[in-house]
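Every number in this text was worked out from the coordinates using simple rules, so none of it is lab data. No experiment lies behind these values; they were computed from the predicted model shown. Every residue, glycine as well, gets a Cβ built from its backbone with ideal geometry; the counts of neighbours run over all protein chains shown.
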Amino acid sequence: MPVLEISDLKKTFSSWFKKTHVLKWVNLEVNEWEIFWFLWPNWAWKTTTIKIIMDFIKPTSWEIKIFWEFLSKNRNILKKIWFAPEQAYYYDHLTWEEFLFFMWKLYWLWKKELKEIVPEYLEKVWLTFASERYIKNYSKGMKQRLWIASAIIHKPKLVLFDEPMSWLDPLWRNLIKNIMKELNSNWTTIFFNTHILSDVQEIAHKFAIINDWKVIFEWNVSEVKWSLESFFVEKIKSTWQEIKIK
């Protein structure tokens with residue numbers, strides 16, 4: 001049963017001299033308790049799609065249902081989901097704990113409850129040793145792990161990850177993959193994008209390839225009998241050929 005349904009999603013940016021289409025009739029369904037991966041070529045507006053789902057950006061036209069309710073009619077359903085961006089921004093002169101308490105109202109948690117679980121999530125992403133450091137002193141990889149933890153601390157039922165393994169070496173990539181598997185085993189649905197195809201084959205259940213601003217292919221990962229890289233390149237090239245013919 002789909003917990004995220006995107007129908008006829010379209011986004012156009014307009015200026016005084018032209019219109020730029022960045023999304024065109026995107027249709028996707030992500031089923032409950034599924035790890036769903038979507039891959040587009042670079043500069044294909046993956047992050048824009050996630051921000052539209054989170055209601056950060058208004059699309060030109062769309063229909064989005066989250067947990068069987070229309071986002072346009074009930075924004076309270078956003079309480080059940082959260083977003084971990086690829087490039088996270090923090091207040092540099094806060095510690096991680098101070099940052100969370102600054103944002104605590106966004107997590108729909110009581111301060112006392114948040115205080116009790118902060119150490120658990122610091123340990124989960126191996127940042128306990130840095131709990132008293134200012135965020136400005138964190139490396140890129142540490143900041144990425146920090147945002148992963150802050151995205152799941154209130155136990156959302158749907159998590160959107162934008163390039164969750166970027167900036168991470170193999171050790172920390174393995175950590176994040178294990179966290180995603182653990183979330184999924186606890187009935188959390190995951191929607192993410194990444195260009196690290198080996199990670200996809202290890203953890204994802206289903207995937208969609210998007211090109212020319214729309215979904216061109218959707219499949220179960222287990223049914224791909226050769227490398228995802230070859231599969232992706234073949235599908236993208238065939239789409240480019242179709243565009244040239246048109």
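Numbers below:
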{"read-out": "Mean separation of Cα contacts under 8 Å (6+ apart) over length of the stretch 1-71, as relative contact order %", "value": "43 percent"}
{"read-out": "Low-density loop positions, trypsin sites (Lys or Arg not before Pro), the stretch 104-141 - DSSP coil, at most 13 other Cβ in 10 Å", "value": "Arg133"}
{"read-out": "Cα Rg over Rh - the chain, Kirkwood", "value": "0.98"}
{"read-out": "Qualifying trypsin sites (Lys or Arg not before Pro) for the stretch 1-68 [loop in DSSP, other Cβ within 10 Å: at most 14]", "value": "Lys18"}
{"read-out": "The stretch 75-122 - convex hull of the alpha-carbon atoms, volume per residue in Å³", "value": "103 Å³"}
{"read-out": "Scattering curve values for the stretch 1-138, log₁₀ I(q)/I(0), Debye with Cα scatterers, q = 0.13, 0.21 Å⁻¹", "value": "-0.77, -1.25"}
{"read-out": "For the stretch 1-143: relative contact order, % (alpha-carbon pairs under 8 angstrom, 6 or more apart)", "value": "21 percent"}
{"read-out": "³J(HN,Hα) computed for each position of the stretch 166-172 - Karplus, 6.51 cos²θ - 1.76 cosθ + 1.60, integer Hz, glycine/proline x", "value": "5, 6, 9, 7, x, 5, 6"}
{"read-out": "Linear extension gain, Lys73 paired with Thr60, 0.36 nm per residue minus alpha-carbon span", "value": "3.0 nm"}
{"read-out": "Contact order normalised by residue count of the chain, Cα under 8 Å, 6+ apart, percent", "value": "25 percent"}
